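Chemist: First the structure, then my questions, so here it is.
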Amino acid sequence: MGRKMASRRASFTSEPDTPAPVLTCPTCDSILIYRQTVVGGVQPLERWEHLECHTCGPFEYRHRTRHLRPTASVR
């Protein structure tokens, strides 16, 4: 039988221990505005940032994959 993965409830903060990276919007090249950090998931814990562009809308950056993607909305 498989072993059950231990999960952890996600925690949200706007003041993380390690600052969010400064990223630019892939569409209009303006600097993205930091909104919040989310830490959670299974071991090892994952971290992602919610960012926003004034023109293009919200984005999510995942540290594990180093991928920035547009999102529908920010919590």
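Throughout, read-outs are computed from the coordinates displayed, never taken from laboratory work. None of the values given here were measured: they were computed from a predicted structure. FYI the Cβ positions are ideal-geometry reconstructions off the backbone, even for glycines, and counts take in every protein chain you see.
Chemist: What residues qualify as long-range amide H neighbours of residue 53, i.e. H under 5 Å apart, gap of 5 or more or another chain, H built at 1.01 Å from N?
Modeler: 33, 59
Chemist: Based on the inverse mean of 1/r over its pairs of different Cα atoms, what is the Kirkwood hydrodynamic radius of the chain, in Å?
Modeler: This gives a value of 13.3 Å.
Chemist: Per residue of segment 26-35, in order, report the coupling 6.51 cos²θ - 1.76 cosθ + 1.60 (Karplus, θ = phi - 60°) as ³J(HN,Hα) in whole Hz, putting x for Gly and Pro.
Modeler: x, 8, 10, 6, 8, 6, 6, 8, 6, 10
Chemist: For a footprinting-style exposure proxy, rank 32, 45, 68 by other Cβ within 10 Å, fewest first.
Modeler: The fewest-first ordering by Cβ neighbours comes to 45, 68, 32.
Chemist: Amide H of residue 24 versus every other amide H placed in the peptide plane: which residues, excluding those fewer than 5 positions away on the same chain, fall under 5 Å?
Modeler: Here the answer is 32, since their amide H atoms fall under 5 Å of that of residue 24.
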